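S.K.: Take a look at this one; I'll ask things after.
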Amino acid sequence: MERSDQLLLALDSGGEQVAIALYNGRLIGELLYDAGREHTATVLPCIRQLLAENRRTIRDVAAVAVTTGPGSFNGLRVGMSIAKALCYALDVPLIGVLTLDALAYPHTALPYPIRAFVAAGRGRVVYADYRRQGEIWVRDSSLRSVRLHEVTDGLLGRTVLTGHLAPEEEALVRSHPLVILPAPALRQLRPAWVAELAFRRWRAGESDPVAALEPIYVHGGGAEAIPSVQLPMSYDVRPARE
């Protein structure tokens, strides 16, 4: 079935900032706002607001994408619950996107390995590593929880580090000789990145079981083994013609 003219709603609520996007092969609209701890009260009204601003209704939504974490326990639960409720009510597919995959995705055009991370509370982060193999990118099968100052441990070469950092934290990691640190706006999760990854899966006929999909958490000091995955290139880089 051709889906290029149908609407995908993407939602990330795994942190204090909530991100929502509408996508149908191109970005229709996106919304980012600081929810604090008010996810339950604010996410649905903001979805309605974004739909209305783009002259759509909830009945136009033909698929729902949601980030699966890692991230805030309560935030992820709220996002997953809303996404599942919409899928049941609208009878549409659900596509889960690992938050770290979405953070890594815009940097896959670069020739360097990527380490994407999200805050895990109490001075910890959870990260995953991505490496290019030929024309594809592959995520390592382990998610690791470490102290922030340990996020650069084990780097074997120049590596793009992506994820939110406070200014004093930036100074801490920027001094590492192997770290490539993009500008802050390029390290902030955009809902459009979640939507684009999910839309690729949807067009390929893939989705996740609504009842079985659950958030991913990694407890302090631990590691979580998950299936490896391939990421698409975010854009083509072709050699210039002679």
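The values are calculated or read from the model by the stated rules, or taken from the named source; none is laboratory data. These numbers come from a predicted model, not from an experiment. Glycine also receives a Cβ, built like all others from the backbone with ideal geometry; neighbour counts cover every protein chain displayed. With ligands, DNA and RNA removed, areas are computed over all heavy atoms of the protein, side chains included. Shrake-Rupley method; radii C 1.70, N 1.55, O 1.52, S 1.80 Å.
S.K.: If you go through the range 110-124, how many residues are among the β-branched types (Val, Ile, Thr) and open to solvent by 10 Å² or more (accessible area, probe 1.4 Å)?
M.R.: 1
S.K.: Spot the failing condition for Val173; the list is (1) surrounded by fewer than 20 Cβ atoms within 10 Å (Cβ to Cβ); (2) more than 24 Å from Tyr235 (Cα to Cα); (3) touching a residue at least 60 places away in the same chain (Cβ under 8 Å), and only one is missed.
M.R.: (3)
S.K.: If you don't mind, another one. Looking at the range 22-31, is at least one residue at pLDDT 95 or above, within 29 Å of Val218 (Cβ to Cβ), in a loop (DSSP other than H, G, I, E, B) and open to solvent by 20 Å² or more (accessible area, probe 1.4 Å)?
M.R.: No, the range 22-31 contains no residue that is at pLDDT 95 or above, within 29 Å of Val218 (Cβ to Cβ), in a loop (DSSP other than H, G, I, E, B) and open to solvent by 20 Å² or more (accessible area, probe 1.4 Å).
S.K.: Taking the range 143-175 on its own, how many of its residues are of a type outside the set (A, V, I, L, M) and either closer than 13 Å to Pro106 by Cβ or not in a loop (DSSP other than H, G, I, E, B) (or both)?
M.R.: So the count comes out to 13.
S.K.: May I ask you to say which residue of Ala52, Ala89 is farther than 23 Å from Glu214 by Cα, part of a helix (DSSP H, G or I), modelled with pLDDT of 95 or more and of a type in the set (A, V, I, L, M)?
M.R.: One residue alone meets the criteria, Ala52.
S.K.: Taking the conditions exactly as written (assigned to a helix (DSSP H, G or I), under 19 Å from the mean Cα position of the chain (by Cα) and acidic (Asp, Glu)), does Asp101 satisfy them or not?
M.R.: Yes, satisfied.
S.K.: Of everything in the range 50-109 that's on the phi > 0 side of the Ramachandran plot and free of Cβ contacts under 8 Å to residues at least 60 places away in the same chain, which residue is surrounded by the most Cβ atoms within 10 Å (Cβ to Cβ)?
M.R.: Arg55
S.K.: In the range 153-167, what residues are farther than 17 Å from Arg131 by Cβ, among the hydrophobic types (A, V, I, L, M, F, W, C) and at pLDDT 90 or above?
M.R.: The answer is Leu165, and nothing else.
S.K.: Identify the single condition in (1) open to solvent by 50 Å² or more (accessible area, probe 1.4 Å); (2) polar (S, T, N, Q); (3) within 20 Å of Pro227 (Cβ to Cβ) that Ser145 does not satisfy, given that it satisfies every other one.
M.R.: Tallying (1) open to solvent by 50 Å² or more (accessible area, probe 1.4 Å); (2) polar (S, T, N, Q); (3) within 20 Å of Pro227 (Cβ to Cβ), Ser145 fails exactly one: (1).
S.K.: Test Ala225 against the stated conditions and say whether it is among the small types (Gly, Ala, Ser), without any contact (Cβ under 8 Å) to a residue 24 or more places away in the chain, closer than 30 Å to Leu86 by Cα and open to solvent by 30 Å² or more (accessible area, probe 1.4 Å).
M.R.: For Ala225, the condition - among the small types (Gly, Ala, Ser), without any contact (Cβ under 8 Å) to a residue 24 or more places away in the chain, closer than 30 Å to Leu86 by Cα and open to solvent by 30 Å² or more (accessible area, probe 1.4 Å) - is not met.
S.K.: When you look at Gly71, is it closer than 30 Å to Val218 by Cα and out of contact with any Lys or Arg (no Cβ under 7 Å at 6 or more places or on another chain), yes or no?
M.R.: Yes.
S.K.: OK, next. Applying the selection to the range 5-21, what residues are open to solvent by less than 30 Å² (accessible area, probe 1.4 Å) and either charged (D, E, K, R) or under 10 Å from Glu196 (Cα atoms) (or both)?
M.R.: Answer for the range 5-21, where residues must be open to solvent by less than 30 Å² (accessible area, probe 1.4 Å) and either charged (D, E, K, R) or under 10 Å from Glu196 (Cα atoms) (or both): Leu8, Ala10, Asp12, Ala21.
S.K.: Here's a follow-up. Anything in the range 176-210 that is free of Cβ contacts under 8 Å to residues at least 12 places away in the same chain, among the hydrophobic types (A, V, I, L, M, F, W, C) and in a loop (DSSP other than H, G, I, E, B)? List them, or say none.
M.R.: Hits for the range 176-210 are Ala183, Ala204.
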